[in-house]
Structure formats: C-alpha cells, structure tokens
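Each remark here refers to the structure printed beneath this line.
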Amino acid sequence: MQEGLPKISVPDAVEGLIDPATLFPQAEDIWFEVGFGGGEHLAWQAGRHPTIGMIGAESFVNGVSKLLTRIEDENLNNIRIHHGDVRPLIEALPARSIGRLFVLHPDPWPKKRHHKRRMISPWFFREAARVLKSGSELRIATDIADYARWTMMFARQAVEFDWTAEKADDWRVRPADWPQTRYEAKALHEGRAPVYLVFRRA
Ligand SMILES: C[S@@+](CC[C@H](N)C(=O)[O-])C[C@H]1O[C@@H](n2cnc3c(N)ncnc32)[C@H](O)[C@@H]1O
C-alpha cells in the first residue's frame, strides 16, 4: 500500500482545482466513482474500458488496499485513487470534466437525525450537474427503499438530469455493463432488492 498508492494517487488541488485531464493525458474520457468500497466495480470498468481514465474515491483504508491489490493483479494502468473524503475532490474538479459518475450503495444512514450525512443530497446533485458533461450518465444504486425514494426526491428537483428508465426493468434489473459489488451481493443475500438508477445530464 505504501509503495503502490503514491504512484496512482490523485494529487492535491492547486489553487483549489484539479484538472483530471492531466492525470490521463491519453484518455478518451474520465469516469469517477464515489465510495468504491473494495473497488470491484471500478476495477471491472477500468479493465473493460482501457481508453477511459477512472478516478475513485474511498475513505476506508481496507477498501483502498483491496483496490490496489486488484490493480496490481489485473495490471490496470488507467486508475487514480483518492484516499479520503470525496467531497473536497468533487468540488475541486473543473466544470464539465467527467463523462460518467457512479455512486453505488452509498451508506444509508438510516436514522433521521443522520440523514444530513447522506451522500445523495441537493449538494451532490448540484456538483454532479456542474462536473458532468452534457449527455453523460450519473448512475446510483441502492438496496435501501427509503434511500431510493430520497434519491428520486432530489433527482426530480435537479432539472439538469433526466431519469432514463422507461419501464420497471430499466431500474429493477442491473444493466449488463454494471458488475455486482460486494454490497449488492450482501443486500441480495439478506433479501433486499437493489435499484439501479441511471440519469442523463442534459
Ligand atoms: C455501503 S459502502 C458501498 C461500497 C461500494 N460502492 C459497494 O457497492 O460495494 C459505502 C462506501 O462509501 C464510502 N464513503 C462514504 N462516505 C464517503 C466519503 N465522504 N468519501 C469517500 N468515501 C466515502 C465508505 O467508506 C464505504 O466504503
């Protein structure tokens, strides 16, 4: 971890800004994952899309360490990691710099007094609208029914985004280009059905 991480860490912001294009000079596009957990989804996307630069943020050290092992085992060279709070990093990204944004199974914070800690929030939709390119996707999954309602409540207020679902299976069935994460497997095992929400940035 001490050896691998510095090489692929997202550098500190300069004057409050990080230009992700400088991290991946050859990449066709840059995708970003919030709270990647063990990194299963991020590594899968990076492996299948070698021309995409993938940035992932995770505050939990064990998750970062798991992803570093995957990167080494799978010889992935299109990933940059931010170990820490994702929020200052998102705020340091330039407008219209990201081609796809993923938030998979964000911490549910079930108690009402903790709802303000939830990642999905008006702040999040505002920042997502700012950093995402026109026509790009925001993908959110949750296995908590209350969090799905919460997400849709803020999504409806975010006029920059359209929900792409046309029929129930569009949100009930995980798309083929969206691998299962550890949390999703846990949810299914415990009898909770996840939802897969895809929004398009106008
Ligand atoms: C419930 S887990 C889901 C992990 C993974 N996305 C999955 O589906 O398996 C939520 C993850 O988000 C991370 N997380 C929560 N808040 C964060 C923040 N502000 N910045 C970075 N990571 C965060 C947690 O450490 C945790 O690993």
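Computed from the coordinates by the stated procedures, all read-outs in this text should not be read as laboratory data. Please read these numbers as outputs of a predicted model, since none were measured by experiment. Methodologically, a virtual Cβ is constructed for each residue, glycine included, from the backbone with ideal geometry; neighbour enumeration extends over all protein chains shown.
Quick notes on this one:
- The H on the amide N of Arg174, modeled in the peptide plane, is under 5 Å from the matching H of no residue at least 5 residues off or on a different chain.
- Here the Karplus relation 6.51 cos²θ - 1.76 cosθ + 1.60, evaluated at θ = phi - 60°, turns the backbone of region 14-28 into coupling constants of 10, 6, x, 10, 10, 9, x, 4, 6, 6, 9, x, 8, 6, 6 Hz, with x for every Gly and Pro.
- Members of Lys111/Lys167; Lys112/Lys186; Lys133/Lys186; Lys7/Lys186; Lys112/Lys167 lying beyond 29 Å, as alpha-carbon distances in this model show: Lys111/Lys167; Lys133/Lys186; Lys7/Lys186; Lys112/Lys167
- Here the contact order of the chain, divided by its residue count and restricted to Cα pairs under 8 Å and six or more residues apart, works out to 21 percent.
- Net charge in the neighbourhood of Glu166 (other residues with Cβ under 13 Å of its Cβ; Lys, Arg +1, Asp, Glu -1) is 0.
- Antiparallel content of DSSP bridges confined to the chain, in %, to 5: 30 percent
- Reciprocal mean inverse distance between Cα atoms of region 4-201 - Kirkwood radius, Å: 17.1 Å
- Using alpha-carbon coordinates, inclination of helix 122-131 to the longest axis of the chain, degrees: 50 degrees
- 3J(HN,Hα) along region 84-100, derived from phi through the Karplus expression 6.51 cos²θ - 1.76 cosθ + 1.60 where θ = phi - 60°, amounts to x, 5, 6, 5, x, 5, 4, 5, 8, 6, x, 4, 6, 10, 10, x, 6 Hz, with x in place of Gly and Pro.
- Acute angle (nearest 10 degrees) that the helix 61-73 long axis makes with the longest principal axis of the chain, alpha-carbon atoms: 60 degrees
- Gyration tensor verdict on region 36-93 (Cα atoms; rounded if a/c is under 1.5, prolate if a/b is larger than b/c, oblate otherwise): oblate
- Sorted by Cβ neighbour density within 10 Å, fewest at the top, the residues Lys7, Lys66: Lys7, Lys66
- In this structure, the amide hydrogen of Leu104, modeled 1.01 Å from its nitrogen in the peptide plane, lies closer than 5 angstrom to those of Val34, Ala141, counting only residues at least 5 positions away or on a different chain.
- By the helix-only formula, in which each DSSP H run with n ≥ 4 contributes -39500 (n - 2.57) and the sum is divided by residues, the chain has a 222 nm mean residue ellipticity of -10000 deg cm²/dmol.
- For region 24-132: rounded, prolate or oblate by the Cα gyration tensor [a/c cutoff 1.5]: oblate
- Converting phi to 3J(HN,Hα) with the Karplus coefficients 6.51, -1.76 and 1.60 and the offset θ = phi - 60°, region 160-172 yields 6, 10, 10, 6, 7, 5, 10, 9, 4, 5, 5, 10, 8 Hz in sequence order, with x at every glycine or proline.
- Descending by average beta-carbon neighbour count within 10 Å, the peptides 30-41, 125-136, 12-23 line up as 30-41, 125-136, 12-23, the highest first.
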